[in-house]
C-alpha cells in the first residue's frame, strides 16, 4: 500500500487559494467577486483540473468579474465537526461591499458545510455546486462517537427545496440498480458487504446505501466501515464473510488511522477475497477487481460550470434552478465476464465495456484469409525451389544465434548478479539507518526514563525516520514499476508554463529552511505540449528537492526554452550550491548514488528521473560547462 503523498496538485491548489484571479472584459455590472470554495481532499487533481477549465472557459466567454479562491482543507470524517466553523470564517471574509455575486462550492464537504450555516450567513447569494452527490448527511455537531455515528441520508432536492443552490452538477449513486444487477448475475446472493472509508463521502454514501437497502429486506447488509477498520482488518473480515455474499465497493482513501491510500489499497482487499463477486457503485475497483456496476458518468465539468455561471450573472433578476443530475452508466469488465463465464442475457441496458480488446484477427478475418491464400499460391513454388538452400542457411544461422545467445545470457547473468549484490548492499544500508533510529528511540520511549520534552523529541525522530523509510520503499516500487513498464503514461495537451510557475511558487513556500530563492524563467507565456503531467511534476520535484539540499542561501532557477527545429522543449534547473565533482557526474543517475551520505535521501530520485525522461523520448544530463554549482538539463518532445 502506498500512502498518499503531497503532489504538485496539492501545491497548485495552495497557490490558487491565495491568489485573486482577474479575468478579461465582460459586460456584467458590479465588481462583487465570484468566490470558489473547494473541499480540497485527496482528489485534488480532479478539483484542480475543473477549476482550471472553469477559469479558462469563463475568460473565453468574456467574464471580467474577479474570482477569489478558498479551500477548506477537508480530510477525514473525524474533523467534520470543524467544517461548519471553517465555512463560516470563509463566508465572513465576503460580507458587505465585498459580498460575492456567485458562490461556487466544489466537493461534498463544502456543500454540506454551507447547508449547515444560518440564513444570516448565506444571505441571498446564488450558489453553484459541483463534484458532489445529491445524497449527503448533516454534519455532526461534536466529535463524540463519530466512529459509531449512523447518520440519516438527506437529499438535495427533497430536503432542501428552497436552498440558494441555483445551478451545478451533482452525482446520483443508484444503489437499487446495482443490487438488482447483483441479484440477476448471482441470484443466490443473501448478503451484501458494503465497503466505505473514513471520509465524509464514504460516510454519506454508507448512509445512502443503508437507506436504499430497506427496499431489499431479503438481503442482509454487512458494513465494512473505514471509520472502525484499517485496510488490514477489513482484509481479515473479507476472509470470514458468510457464503452467498457479494461485495459492493463504495470509496476507499482513508482508514481509521487517517492514512491516505492510492488504488493499490483495494488490490490488498481483492487478494483477500478473490473468489467473492465484487461490484462497484462509484467506479472504484472496476478494471481489475469489480465485475462492474452502475456508476455516475464522470466527466470534466469546469467548462459547463463556467457557462452556468455566466448565465446566472447575466440573469440575476430571473434566476431559475438548473442543477443537473449526472446520469449513471453500466460499466462491465469484459475480462471478468469471460473469466467467470457470466451470462449477461438478462441485462438489456446499454453496456460500456472495460478491458475489451478485440483481436486483430477477428476484425480483419476475411481480409487475412484472402491475402494469406494469395500469398500461399505465389510463394509455394518459390519455397519448394529454395528448400535445400534455406535448410542449410537456417542451420548455420541457428548456430550463430545460439552462440550469441549464450554469450548474451552469460553477460546478463553476470550483470544481474552484480546489480543484485549492489541492490542488497545498498538496501541493507539505507533501511538499517532509519530502522536503527526507530528501534533505538522506541526502546527509549518504552523505558519511560525521559522528560515530556525529550519524549516529544524522540517521537519526532521516529516519525521522521518512518517517513524516510516509507519514501525509500515508494521510490523503489516506482523505479521497479517504471522499468517493468507496469506504469502507463497518460499524456494530455496542456500549457506547461503555469505548471512550472506553480511548482516554483510552491517551492518558495516549502523549502524555507535553506533560505534559497527559487526563480522561473521563460520567454513564452504559453507553451502547449502533450505531456503526462504527473510524471513531469515528479521529475521537476525531484530535481528541485536535490537542488535545495545542496544549496544554502542561494538561487535556484528553472528555465524553459524551445527548440522548434528538433520539436523539443528544453528544461534546465540551475543552482548555486556545492556542485558535483567531475568524477561523480556519470554516477549520479545510478541507483542509491548519493554525493553526501549525511544528507537525508534515498539516492533513487535521479535514477527515477532518468527512467521517466527516457520513457517519454527525452534525455537528461548535467551541463559540463557550468561550474558555479550544478545545472541539470532534460528535454521533452512537443508531441509524444
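Computed from the coordinates by the stated procedures, all read-outs in this text should not be read as laboratory data. Given the structure is predicted, the values throughout are model-derived calculations rather than measurements. Note that each Cβ is placed from the backbone with ideal geometry, even for glycine, and that neighbours are counted across all protein chains shown.
List the residues of segment 187-208 whose backbone N lies under 15 Å from a point placed 7 Å from the Cα of residue 268 along the Cα-to-Cβ direction. It comes to 196-198, nothing else.
Kirkwood Rh, Cα Rg: Rg to Rh for segment 231-284?
Checking Rg against Rh, the ratio lands at 0.94.
Averaging over all projection directions, the Cα-based convex hull of segment 293-410 occupies 18.3 nm² in the image plane. Working note: Cα gyration tensor of segment 259-318, eigenvalues times five, square-rooted, sorted largest first, giving semi-axes of 40, 13, 8 Å. At a Förster distance of 45 Å, what's the computed FRET efficiency of residue 590 paired with residue 404, Cβ-Cβ distance as r, to 0.05? So the FRET efficiency works out to roughly 0.95. Helical runs assigned H by DSSP (4 residues or longer) give the chain a calculated mean residue ellipticity at 222 nm of -14000 deg cm²/dmol, each run adding -39500 (n - 2.57) before division by the residue total.
Rounded to the nearest angstrom and listed largest first, the equivalent-ellipsoid semi-axes of segment 69-185 from its Cα gyration tensor are 28, 19, 12. Across segment 496-640, the mean sequence separation of Cα contacts (distance under 8 Å, 6 or more residues apart), normalised by length, yields a relative contact order of 24 percent. Each peptide in 179-188, 541-550 receives the mean, over its residues, of other Cβ atoms within 10 Å, and ordering these scores from highest gives 541-550, 179-188.
On the basis of the beta-carbon distance and an R0 of 45 Å, residue 514 and residue 395 show a calculated FRET efficiency of 0.10.
Can you compute the label reach from residue 341? Point 7 Å from Cα along the Cβ direction, backbone N cut-off under 16 Å, restricted to segment 160-197. Inside the label zone: 186.
What Kirkwood Rh does segment 163-296 have if only Cα atoms enter the pairwise 1/r average? Answer in Å.
15.1 Å
Of all beta bridges that DSSP places with both ends in the chain, some 40 percent have antiparallel geometry. In this rough spin-label picture, where each label sits 7 Å from Cα along the Cβ direction, the residue 563-residue 64 distance is 4.4 nm. Where both residues lie in segment 492-637, what percent of DSSP beta bridges are antiparallel, nearest 5? If I count the DSSP bridges inside segment 492-637, around 80 percent turn out antiparallel. Working from the Cα coordinates of segment 492-637, the gyration tensor eigenvalues give, after taking √(5λ), semi-axes of 23, 18, 14 Å in decreasing order. Computed with the Debye formula from one identical point scatterer per Cα of the chain, without solvent, the log10 of I(q)/I(0) at q = 0.10 Å⁻¹ comes to -1.15.
Contact order, relative form, for the chain: 10 percent (alpha carbon pairs under 8 Å, 6 or more residues apart, mean separation divided by residue count).
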